[in-house]
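Remarks on the structure that follows.
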Amino acid sequence: MSASDPVNPRAAADDQVGRRAARTREAIVDAAGQLFLDRGYAGTRINNITEKCGISRAGFYTYFKDKRAVFNHIGEATYRDLLGIIGAWDRMPDPAPFDELRAWVDRYFAFLDKHGAFIFSSGLSAPTDDDFRESARRMQIRVGWLLGTALRARQKSAPTDTPETLGLAIVGMIERGWFHACAQGLPIDRDEMVSSLTAIVAAALA
């Protein structure tokens, strides 16, 4: 658009409203994710979420039906982003140099900076119905199998017979390492933790 082109006031207003709505929705998601970690799913109420992000109860219902809908939204985003992290193995050289392995672990840490609160809160407190539990179980097994399969393809001697076990072991190790270094407030250097975890991943491929 050139300086002489007319500006559509309605389109500009709609764009501003859309950005405001996106910010409000993101604020709800961020507040809920932290509250789920601090209070647990059962201990978090809608008014806790609205108070934390500074909106009305009616404003909350503009975007989400209930807190379960927020929980599901966060879970779906977490799973989608995690599949992207695992998919990065398809683009790495074989064998992957240490620097590339470290970049992958560092990317996993960045993912946990965004989604770690949800991952750890859902492990401690989550909806208790059978549908949710079965869905979470399938998701965890799929993540373990996908990562384990990618790692097994790079094991030149004695590849593992149970890729899902290998994958879940690596996932658990990285997530717990992030929790100690970045969420617990322990006097542990983040970069040193990333390097140590990378060495373990490299050893699993040796």
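The values are calculated or read from the model by the stated rules, or taken from the named source; none is laboratory data. As the structure is a prediction and not an experimental result, all values here were calculated from the model. Cβ: placed from backbone, ideal geometry, glycine included. Neighbour counts: every protein chain shown.
State whether one or more residues within region 99-116 are modelled with pLDDT under 95, of a type in the set (Ser, Thr, Tyr) and either assigned to a helix (DSSP H, G or I) or under 17 Å from residue 171 (Cβ atoms) (or both).
No, region 99-116 has no match at all.
Looking only at region 145-169, count how many residues are touching a residue at least 24 places away in the same chain (Cβ under 8 Å) and touching a Ser or Thr at 6+ places or on another chain (Cβ under 7 Å).
1
If you check residue 175 against the conditions, is it exposed (fewer than 12 other Cβ atoms within 10 Å of the Cβ) and modelled with pLDDT of 95 or more?
Considered against the rule, which asks whether it is exposed (fewer than 12 other Cβ atoms within 10 Å of the Cβ) and modelled with pLDDT of 95 or more, residue 175 comes out as no.
Kindly evaluate residue 161 against the criterion of being closer than 29 Å to residue 68 by Cα, out of contact with any Gly (no Cβ under 7 Å at 6 or more places or on another chain) and not aromatic (Phe, Trp, Tyr).
Answer is no for this residue.
Criterion first (closer than 26 Å to residue 205 by Cα and loosely packed, with under 15 Cβ neighbours inside 10 Å) does residue 130 satisfy it?
The answer is no for residue 130.
Out of everything in region 52-91 that is acidic (Asp, Glu) and within 14 Å of the chain's Cα centre (by Cα), what residue ends up being surrounded by the most Cβ atoms within 10 Å (Cβ to Cβ)?
81
Considering 113, 99, which residue is surrounded by fewer than 14 Cβ atoms within 10 Å (Cβ to Cβ) and more than 16 Å from the chain's Cα centre (by Cα)? Explain how you work it out, then say what you get.
On the way: 113 fails: more than 16 Å from the chain's Cα centre (by Cα).
From the options 113, 99, the qualifying one is 99.
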